[in-house]
1. Could you tell me how many of the residues in segment 120-145 are open to solvent by 20 Å² or more (accessible area, probe 1.4 Å) and within 20 Å of Q72 (Cα to Cα)?
2. Condition test on D77, is it surrounded by 14 or more Cβ atoms within 10 Å (Cβ to Cβ), at positive phi and in contact with a Gly (Cβ under 7 Å, 6 or more places away or on another chain)?
3. Which of the residues belonging to segment 86-105 are over 15 Å from E137 (Cβ atoms) and surrounded by 15 or more Cβ atoms within 10 Å (Cβ to Cβ)?
4. Pairs only if they're at least six apart or on different chains, beta carbon under 6 angstrom, first in segment 15-31 and closer than 16 Å to L263 by Cα, second of a type in the set (V, I, T) and surrounded by fewer than 21 Cβ atoms within 10 Å (Cβ to Cβ); list them, first residue then second.
5. Those residues that are at pLDDT 90 or above, touching a Pro at 6+ places or on another chain (Cβ under 8 Å) and not polar (S, T, N, Q), I need them from segment 206-246; list them, please.
Amino acid sequence: MTEDIEVSRRDAVRFPGISPRAYEHPVDRGALATLRAVPGFAQVVKAISGFYNERGERLMALASSIRVGPKQYPELDRLRHECAETLDLPSVPNVFVYQDPRLNAETVGMDEPFIRLSTGLVELMSHDSLRFVLGHEMGHVLSGHAVYRTMMVRLIALQLAMSWTPVSALGIRAIVAALREWFRKAELSCDRAGLLCGQDPTAALRAQIQVAGGIDPARIDIPSFLQQASEYESVEDIRDSFLKLKFVETESHPFAVVRAAQLQRWAASEEYRAILAGDYPRRDGDKPGSDWKDDLKSAAQSYKESWNSSADPLTKVFSDVGEAVSGAAGKVWNKFGNGNGNGSGS
């Protein structure tokens, strides 16, 4: 750590040297692996995003919002230090509170990321829920998501600027859709980072209920709220499935009820318990780009498990078609793959 900090939670589990791979969603890791495997990709993105004035954004935050510190929002200052220590970040990101009644938090910047919290979020959420939110944003910092998110934002702007050329806009739309799909999974990753910081699944769920519209979590029945996710994921009419695809394409975040259900499942998993027990990958053991094939396999397996467990009719169609194509390809390979047609080759 670059700052001396006063630890206020003596009983909290900390994760020295934790790698972001410990909490990253398999599809998030798979998407990033394809990008990280390209030598110099991050540098290229930074170069083409040269007009992205990070210094200017920091100056604007300094000039138009409140920088959290020992004398300004001291309770948030304590939380930011706690979260940074829990995830063992090399430095403690600055946090700014800006005026906006909507509930929002974001991480800005590539070289020196900082966190912005809206007044609506700070006023509404409890101390423990704010710890989850700050931990989520620090997950973005540790995973290095800002480079790719910046790329997505710039491409969206470019898509709008080129809307008068349908062919070009359509090509960019495909890339943006892929990046949005990655970022939605990145949000699931950072929800896990937030849970690791707070180590309180109930507080995390309260935060997500408030984002969904629960002004007072005490007035919300948690089983009923989670039942909404089950109903959303198991629609029986294929027309609803197409509508879900249409609506989710333009979303940068997963839908609130789905996001909450995903995190609660992870909170009950053996993977989460193992991390709390100290069994997790360390940053000093990471080898960038060397295991990208495993990440892609994990992503594919995650999608397969999601399809198999889904009651959505369109998802089942995709899954059945995929299995049929895969099975047919396997039979063809077994018959002709060894070149002699007897199907006995290895």
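1. Within segment 120-145, residues that are open to solvent by 20 Å² or more (accessible area, probe 1.4 Å) and within 20 Å of Q72 (Cα to Cα) number 6.
2. Against the criterion (surrounded by 14 or more Cβ atoms within 10 Å (Cβ to Cβ), at positive phi and in contact with a Gly (Cβ under 7 Å, 6 or more places away or on another chain)), D77 does not qualify.
3. The answer is D88, and nothing else.
4. A22/I275
5. R206, I209
The values are calculated or read from the model by the stated rules, or taken from the named source; none is laboratory data. Note that this is a predicted model, so its numbers are computed, not measured. So basically every Cβ, Gly included, is an ideal-geometry build from the backbone, and we count neighbours across all protein chains shown. We work out accessible area using only protein heavy atoms, side chains counted, and drop any ligands, DNA or RNA first. Shrake-Rupley method; radii C 1.70, N 1.55, O 1.52, S 1.80 Å.
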